[in-house]
Amino acid sequence: MRPSGRQTNEMRAVSIETGVTMHAEGSCLIKCGNTHVLCTATIDERVPPFLKNSGLGWVTAEYGMLPRATNTRMRREAKNGQSGRTQEIQRLIGRSLRAGVDRVALGERQIVVDCDVIQADGGTRCASITGGWVALKLAVQKLMKAGDVISDPLVDPVAAISCGIYAGQEVLDLDYPEDSEAGVDGNFVMTGGKLIEVQMSAEGATFTRDQMDKLLDLADKGVTELTAAQMAAVG
């Protein structure tokens, strides 16, 4: 039995509210159970120096957690410098979102996606990728409406979900009580039914090829549901 009472293949309730900030070109608040992440997308007509005059666009991301996003207060990273965990997560978000972008169609501009965790209950990086794509899509829609981009550079939705082995069972969408006790923990990033990145590790028990296949099947189910929520959010 899962602590939440969910079935092994059952996700937490997901909601995506768009247009939650007045200044960002794209924004949403994604809630995956008790994990809440504010995602904004900012259009910058400049690109990093290494892409200047290349004709290619760029998508990058930043990630952070508010001091009381967790059960005890964390010190602000703006004061103490980014942790290795934060750097790793925001690089994951950036390369995951770029995998679903036609950078030629985007044109020589950059879109920065900011993911700020308001409340954490497991799966913050996955929620950030899923919500980050929605914010990115809304920003691209503004570019297309203004005629600055001719064809949609976002080929397919990009979404991510966690899966793991908890109490000997393969389960979908781990919350914090499961994540902290899981024998195997994995994050799956997908687009168009294809894998972008898989992060899996044994954290208390090894796992078999058969178990990994079952986790992949669960991830595919979860991402399908998340993609439907994304498309409903962006219209």
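Could you pull out every one of the helices (runs of 4 or more DSSP H) wholly within the stretch 71-165 that has 2 or more residues that are closer than 30 Å to GLN211 by Cα, of a type in the set (Gly, Ala, Ser) and in contact (Cβ under 8 Å) with a residue 12 or more places away in the chain?
On the way: elements: 77-80, 84-98, 103-106, 124-145.
By residue number, 84-98, 124-145.
Of the residues ASP156, ASP185, which single one is under 25 Å from MET65 (Cβ atoms) and not aromatic (Phe, Trp, Tyr)?
Working: ASP156 fails: under 25 Å from MET65 (Cβ atoms).
That would be ASP185, the only listed residue that is under 25 Å from MET65 (Cβ atoms) and not aromatic (Phe, Trp, Tyr).
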Legend entry - Verdict on MET74 being farther than 22 Å from ALA219 by Cα, of a type in the set (A, V, I, L, M, F, W, C) and surrounded by 11 or more Cβ atoms within 10 Å (Cβ to Cβ): yes
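Anything in the stretch 202-235 that is under 13 Å from THR130 (Cβ atoms) and either crowded, with 18+ Cβ neighbours inside 10 Å or touching a residue at least 12 places away in the same chain (Cβ under 8 Å) (or both)? List them, or say none.
If we filter the stretch 202-235 for residues that are under 13 Å from THR130 (Cβ atoms), which is where we start, we get 219, 222-234.
Passing the criteria: ALA219, GLY222, VAL223, GLU225, LEU226, THR227, ALA229, GLN230, MET231, ALA232, ALA233, VAL234.
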Legend entry - Which numbered condition MET190 fails, given (1) farther than 19 Å from GLY26 by Cα; (2) of a type in the set (A, V, I, L, M, F, W, C); (3) assigned to a loop (DSSP other than H, G, I, E, B): (3)
Inset, instruction - Only one of these is under 26 Å from ARG46 (Cα atoms) and either surrounded by 13 or more Cβ atoms within 10 Å (Cβ to Cβ) or modelled with pLDDT of 95 or more (or both): VAL104, VAL117. Name it. - result: VAL104
Inset, instruction - Identify the residue in the stretch 47-71 that is under 22 Å from the mean Cα position of the chain (by Cα) and among the hydrophobic types (A, V, I, L, M, F, W, C) and, among all such residues, is surrounded by the fewest Cβ atoms within 10 Å (Cβ to Cβ). - result: LEU66
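The values are calculated or read from the model by the stated rules, or taken from the named source; none is laboratory data. Only a predicted model underlies this, so the values are computations on that prediction, with no experimental measurement involved. Here Cβ is always computed from backbone atoms with ideal geometry, including for glycine, and neighbour counts include all displayed protein chains.
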